[in-house]
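The values are calculated or read from the model by the stated rules, or taken from the named source; none is laboratory data. Note that this is a predicted model, so its numbers are computed, not measured. Reconstructed Cβ throughout: ideal geometry from the backbone, glycine too, with neighbour counts over all protein chains shown. Heavy atoms of the whole protein, side chains included, go into the accessibility calculation; ligands, DNA and RNA do not. Shrake-Rupley method; radii C 1.70, N 1.55, O 1.52, S 1.80 Å.
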Amino acid sequence: QVQLVESGGGLVQAGGSLRLSCGTSGFSFSNYAMGWFRQAPGKERAFVAAISKSSSTTSYADSVKGRFTTSRDNAANTVDLQMNSLKPEDTAVYFCAARWGSGTSASHYEYAYWGRGTQVTVSS
């Protein structure tokens, strides 16, 4: 049974940092690229970051470049999202997702497996 479980969300002041983790099981993690998406109330799910299966390639939404970093540990079947210099507009539910294949993608349609999300709230 495929499982992706996000953790590390919470309430933080603007300018602060959070580190999200996504633990996975039930699929061959090292064969999947991983992505992070977020969804704010009343808005569509939006791409945040992605990392290839070997960690050789990462990609980021323009809105988070230079502030967020994604990494993965194929031995532990986990992927992380380090979020620095957080802004109120980063407030959203954050989801991790798995995409078969090596390359990154910003399209949520290409991701087969999803977690349930973790809430991140940034106060001003």
query: So what's the convex hull volume per residue for the Cα atoms of the chain, in Å³?
result: 90 Å³
message: How far apart, in nanometres, would the label points at Ser54 and Arg67 be if each is projected 7 angstrom from Cα along the Cα-to-Cβ direction?
response: 3.2 nm
message: Just to confirm, what accessible area per residue do you get for the chain at 1.4 Å probe, in whole Å²?
response: 49 Å²
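So what is the relative contact order of the stretch 1-120, in percent, for Cα pairs below 8 Å that sit 6 or more residues apart? Let's see the in-between values first.
Numbers: 300 pairs, mean separation 42.3, N = 120.
Relative contact order for the stretch 1-120 comes out at 35 percent.
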message: Considering only protein heavy atoms and a probe of 1.4 Å, how much of the accessible area of the stretch 13-114 is carbon and sulfur, as a whole percent?
response: 46 percent
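Report the full-extension gain for the segment Gln1 to Lys43: residue separation times 0.36 nm, less the Cα-Cα distance, to one decimal in nm.
Details: separation 42, 0.36 × 42 = 15.12 nm, distance 2.98 nm.
Going from the current span to full extension adds 12.1 nm.
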